[in-house]
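Read through the structure below, which is laid out as structure tokens, and then see the notes.
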Amino acid sequence: MNVSRVFYVTTPIYYPNDLPHIGHAYTTVLADVLARWHRLKGSDVFFLTGTDEHGLKLQRAAEKKGVKPKEFVDRMVPEFKRYWKLLEISYNRFIRTTDIDHEEVVKKALEELHSKGLIYRGTYRGWYCSSCEKFYSEGEYEEKEGKKICPIHVKELEWVEEETYFLKLSAYQDEVLKLVRDTDIIHPRGYAREIASKLEREGLRDLSIARPKDRVYWGVELPFDNRYVVYVWIDALLNYLTGIGYGGNRKFREYWSVVHHVIGKDILWFHTAIWFAVLLMLDVPPPRRVLVHAFIINRGLKMGKSVGNVVMIDDMLDRYYTADSVRYLLMRLLNLEKDVEFDVELLDNIYNGELADTYGNLVRRVGVLSIKKLGGVVKRGELDEELRGKSEEVVEEVVKLMDNYKISESLVKTFDLLRTTNAYLNKTKPWESENPEPLLYNAIEATRIATNLLNPVMPSVTRKVAEALGFEIIEVDKLKYGEVKEFRVREAPILFKKVKSDIS
Ligand SMILES: [Zn+2]
């Protein structure tokens, strides 16, 4: 197996305490588009997503419903799978932290850390958010009327003091700082600077990794002290190793060498400073990439149930009809560095202008004309130099952009080609031409190139176009203008029904 032809991508594993919303979909669709892009490049792809099922937050959510935690998560997991199926998320494994192989990996890792002397006993005192399951140090929490407030959940922190076990992260501070500052692992680089400056300012402190069972019983037991369960974050991070069969075999090493962790910026610290240190302790190389994105915000805030500004996946599916449209809009908004506001008017304009009027209209036109003028059989004739040049330029640009995670920019570029093709039809007017065949051939060929490039973002619509116009979606390296000898056009589908911008 050629290592450059392997790709491993992960999403964070989500808390199944509630249904996934557009915030979860944003991260998951991004990871799915990367997975599909690499499959389109002919790579052997492993795509891991799943659920983070242990910890106090789920324990409490289950108690509230009057059921056991396992029963509760067993009910929630099918909901996540249902939404990911609706959105055509092409994961290879849906991992649950209650999976037996995962619990074994957690125990094995903890035993190793313990036997290396990297875990020691001590007392922890601090301000704790039960929703984050995280202690907040000074400067991290907000203060309001003398109260310490969680900046994510905007609720009061609790003072917690307990006997625990610590992980000796501090011993790895310098090595972690080097990985953060001097490598290209964290992308975009602004996030690396943020973590580097936090490490320089506060250092990397030892982390309490055990929770007494009388407070938190729902977790993986420490293999060396059964009065405790492991802190849910350590449990969760290790899923990335379990997913590809942690154990140092060849398959594990190959996938691990290219792993891309897709995360939202709120969990950056855990996925860099803490995770890099844990991997160093386990003698596992750092991830190849931690790809960080900013948020889709609503009314200026990150979406959250407690904030009351959540946009549900169903809301978007209802408005824009198909998973492909929702995927397109989310990726069109995608901004790794800056938060973007969820703005229905803007989304309506993108949907109508780009999907319906540009792509949908082009496919409909070439389909109808090919059937009407040529009985659906369109043979290759003289190639149009302008469309060929534009197509080749767009393919080259899109490859560069996608390989640099610039998905929104690559969509804009691909739509340039679709617009040029619509303009080509307007200019050459195949409907009144004596010899429409070469004109239609060139228009379909450019449509084919664009459709092929759009496949990772809109898998269903592009398959439908390929079937209707009579071509195959192929590996992106093989995509050449003028390759197809003949199109057998079967139908002229209407791809996107317009939305009316009537809501405020
Ligand atoms: Zn919180």
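The values are calculated or read from the model by the stated rules, or taken from the named source; none is laboratory data. Computed from a prediction, not measured in an experiment: that's the story for all the values here. All Cβ positions, glycine included, derive from the backbone under ideal geometry; neighbour counts span all protein chains shown. Quick note on the areas: whole protein, heavy atoms, side chains included, nothing else; ligands and nucleic acids left out. Shrake-Rupley method; radii C 1.70, N 1.55, O 1.52, S 1.80 Å.
Checked against (1) away from the ligand (no atom under 16 Å from the Cβ); (2) in a strand (DSSP E or B), Asp101 meets all criteria but (2).
From the list Val311, Val278, the one residue that fits, being over 23 Å from Asp403 (Cα atoms), at pLDDT below 95 and in contact with a helix residue (DSSP H, G or I) (Cβ under 7 Å, 6 or more places away or on another chain), is Val311. Candidates are the residues of segment 279-314 that are under 14 Å from Ile22 (Cβ atoms), without any contact (Cβ under 8 Å) to a residue 60 or more places away in the chain and not in a loop (DSSP other than H, G, I, E, B); the one that is most open to solvent (accessible area, probe 1.4 Å) is Leu301. Taking the criterion of being more than 11 Å from the ligand (Cβ to nearest atom) and within 22 Å of Leu58 (Cβ to Cβ), the residues of segment 121-157 that qualify are Tyr124, Gly126. Could you list, ordered by first residue, the pairs with Cβ atoms under 8 Å in which the first is in segment 124-136 and farther than 11 Å from Lys148 by Cα and the second is near the ligand (Cβ under 8 Å from one of its atoms) and assigned to a loop (DSSP other than H, G, I, E, B), at least 6 apart or interchain? Close Cβ pairs (under 8 Å, with a partner that is near the ligand (Cβ under 8 Å from one of its atoms) and assigned to a loop (DSSP other than H, G, I, E, B)) amount to Ser131/Cys150; Ser131/Ile152; Ser131/His153; Ser131/Lys155; Cys132/Cys150; Cys132/Ile152; Cys132/His153.
Among the residues of this structure, Glu202 does not count as one that is exposed (fewer than 12 other Cβ atoms within 10 Å of the Cβ), more than 16 Å from the ligand (Cβ to nearest atom), at pLDDT below 95 and over 26 Å from the mean Cα position of the chain (by Cα). Residues in segment 235-253 that are open to solvent by 10 Å² or more (accessible area, probe 1.4 Å) and in contact with a helix residue (DSSP H, G or I) (Cβ under 7 Å, 6 or more places away or on another chain): Gly245, Tyr246. None of Trp218, Trp269, Trp256 is hydrophobic (A, V, I, L, M, F, W, C) and touching a helix residue (DSSP H, G or I) at 6+ places or on another chain (Cβ under 6 Å) except Trp218. Scanning segment 84-142 for residues being buried (at least 20 other Cβ atoms within 10 Å of the Cβ), modelled with pLDDT of 95 or more and either among the aromatic types (Phe, Trp, Tyr) or in contact with a Cys (Cβ under 8 Å, 6 or more places away or on another chain) (or both) gives a total of 2.
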